[in-house]
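The values are calculated or read from the model by the stated rules, or taken from the named source; none is laboratory data. In this text the structure is predicted, and so the values were computed from the model without any measurement. Here the Cβ positions follow ideal geometry from the backbone for every residue, glycine too, while neighbour counts run over all protein chains shown.
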Ligand SMILES: Nc1nc2c(c(=O)[nH]1)N[C@H]1C(S)=C(S)[C@@H](COP(=O)(O)O)O[C@H]1N2
Ligand SMILES: [Mo]
């Protein structure tokens, strides 16, 4: 790319550059990307004395203390009945550090004694069984990196006027972890599932005793009783000592503090599946169960709260995911959706996981609207906000996966807009 100017690499309107731009050697010098300064000669004070001792647990750098869960809110009169969100705009890669995984509790975090906790398998089985944590640790296990998304994530995008909020505040009810544990099929096979069984009802050991019905097909396909998250035992807020994990399916079915799996012939219509999570249509009908989360993407940077610097070359990066499989493609637009260019996907494109995408953009310092649009391996394309809202009842709330637009003004401030 000797001597070439950014203009020669434009692949879509308003300065979008070839996605491979950042991968080429010498891009810094040739594309005017240099932000580095000349090498200093002075020896810094922290190089003059021995550093701090070891610690028995790691902690983030004190200078990154602003990177914390966002928008923590609890129902009036409670402290643990609500949500905390992942600060998506401050993270890179595809794994959410466990300390920043979003939380959604219907009645706080139970203080479970792992020695007393049991997982029961009951109902339409030949041998009802119970498992301690210790016994589960002896079963064959698997681990996979997969996302978890609350079906209420991005519900704020239904507001008639665009909310003035950050990427994490709007969309931070999604996180991804390496989940490790025992396939539930292994435990059910040991219990011996009866022929007339086709559902299970899973419930948790919290005060809400959250319970959901899950089709047996999904359970036998890829459900796990998760014991590990990012290599360590689950954190209490995410289900310690064990939770149900259903890859790609709405978060509320991934019952935390899993206590009972009752095998049944039909869904139980529990309070947690009749009072919530149905999708209401404007013709008065409802889709009772929507399980896999839709194909979705977001630009995490630039995004509100991360002000731009001077005009020049920027990395546009974000996340894309689909509850039905792998992400095949992510396109980015810098002209409000008039033209699009393919983003580069990081190496790890895993089924039912967050995929990191990146693009290069030459911002000319003028107002711009940037968007991303994902397509999954089945050809499902992320809908626009308008398409998501079409046919929905005005009080319908769950499963929002519309295209997100961020507007950038001349000062470099970024805000949420409806494009
Ligand atoms: N027992 C129990 N399981 C639960 C919940 C709960 O309140 N109690 N919340 C559900 C909801 S609505 C979501 S979105 C996910 C959130 O999981 P996390 O807190 O680990 O992010 O857990 C689900 N499992
Ligand atoms: Mo949820």
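A few remarks follow.
- In the set (1) surrounded by 23 or more Cβ atoms within 10 Å (Cβ to Cβ); (2) closer than 30 Å to residue 195 by Cβ; (3) away from ligand 1 (no atom under 16 Å from the Cβ), residue 264 fails one condition alone, (1).
- With respect to the conditions (1) within 16 Å of ligand 2 (Cβ to nearest atom); (2) crowded, with 20+ Cβ neighbours inside 10 Å, residue 278 lacks only one, and its number is (2).
- Residue check, residue 105 within 33 Å of the chain's Cα centre (by Cα), surrounded by 18 or more Cβ atoms within 10 Å (Cβ to Cβ) and modelled with pLDDT of 75 or more: yes
- Figure legend. Inter-residue proximity from the stretch 99-126: first residues within 26 Å of residue 178 (Cβ to Cβ), second residues in a loop (DSSP other than H, G, I, E, B) and more than 16 Å from ligand 1 (Cβ to nearest atom), beta-carbon distance below 7 Å, spacing 6+ or different chains. Indicated pairs: 118/132; 121/128.
- The lone exception for residue 294 - which of (1) farther than 17 Å from residue 173 by Cα; (2) assigned to a loop (DSSP other than H, G, I, E, B) it fails: (1)
- Check on residue 337, assigned to a strand (DSSP E or B) and at pLDDT 95 or above: no
- Test: residue in the stretch 338-358 that is within 16 Å of ligand 1 (Cβ to nearest atom), over 18 Å from the mean Cα position of the chain (by Cα) and more than 24 Å from residue 88 (Cβ to Cβ): no
- Selected residue [within 22 Å of residue 210 (Cα to Cα) and surrounded by fewer than 17 Cβ atoms within 10 Å (Cβ to Cβ)] from 64, 79: 79
- Which listed residue is under 24 Å from residue 81 (Cα atoms), surrounded by fewer than 20 Cβ atoms within 10 Å (Cβ to Cβ), touching a residue at least 12 places away in the same chain (Cβ under 8 Å) and within 15 Å of ligand 2 (Cβ to nearest atom), from 237, 251: 237
- Selection of the stretch 238-285 for residues being part of a loop (DSSP other than H, G, I, E, B), out of contact with any strand residue (DSSP E or B) (no Cβ under 6 Å at 6 or more places or on another chain) and within 20 Å of residue 105 (Cβ to Cβ) yields 239, 240, 241, 246, 250, 275, 276, 277.
- Residue satisfying condition, being surrounded by fewer than 20 Cβ atoms within 10 Å (Cβ to Cβ), in contact with a strand residue (DSSP E or B) (Cβ under 8 Å, 6 or more places away or on another chain) and over 19 Å from residue 88 (Cα atoms), within set 328, 410: 328
- Residue count for the stretch 117-172 satisfying the condition of being within 16 Å of ligand 2 (Cβ to nearest atom) and at positive phi: 1.
- Residue 194 being in contact (Cβ under 8 Å) with a residue 24 or more places away in the chain and over 18 Å from the mean Cα position of the chain (by Cα): yes
- Residue match in the stretch 44-61 (condition: under 22 Å from the mean Cα position of the chain (by Cα), assigned to a strand (DSSP E or B) and surrounded by 12 or more Cβ atoms within 10 Å (Cβ to Cβ)): no
Table: residues versus (1) surrounded by fewer than 17 Cβ atoms within 10 Å (Cβ to Cβ); (2) over 14 Å from the mean Cα position of the chain (by Cα).
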| position | (1), (2) |
| --- | --- |
| 125 | no, yes |
| 137 | yes, yes |
| 157 | no, yes |
| 162 | no, yes |
| 175 | no, no |
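- Test: residue in the stretch 180-194 that is within 16 Å of ligand 2 (Cβ to nearest atom) and touching a strand residue (DSSP E or B) at 6+ places or on another chain (Cβ under 9 Å): no
- Scanning the stretch 89-127 for residues that are within 12 Å of ligand 1 (Cβ to nearest atom) and under 30 Å from residue 307 (Cα atoms) yields 96, 98, 100, 101, 102, 103, 104.
- Checked against the criteria, residue 67 does not count as within 14 Å of ligand 1 (Cβ to nearest atom) and not assigned by TED's automatic domain parsing to the domain that holds residue 172.
- In this structure, residue 361 does not qualify as over 23 Å from the mean Cα position of the chain (by Cα) and either modelled with pLDDT under 95 or within 17 Å of residue 167 (Cα to Cα) (or both).
- When residues of the stretch 377-407 are limited to those that are assigned to a strand (DSSP E or B) and touching a strand residue (DSSP E or B) at 6+ places or on another chain (Cβ under 6 Å), the one nearest to residue 289 (Cα to Cα): 381
- Filter result (away from ligand 2 (no atom under 16 Å from the Cβ) and more than 30 Å from residue 347 (Cα to Cα)) within the stretch 90-116: 110, 111, 112, 113, 114, 115, 116
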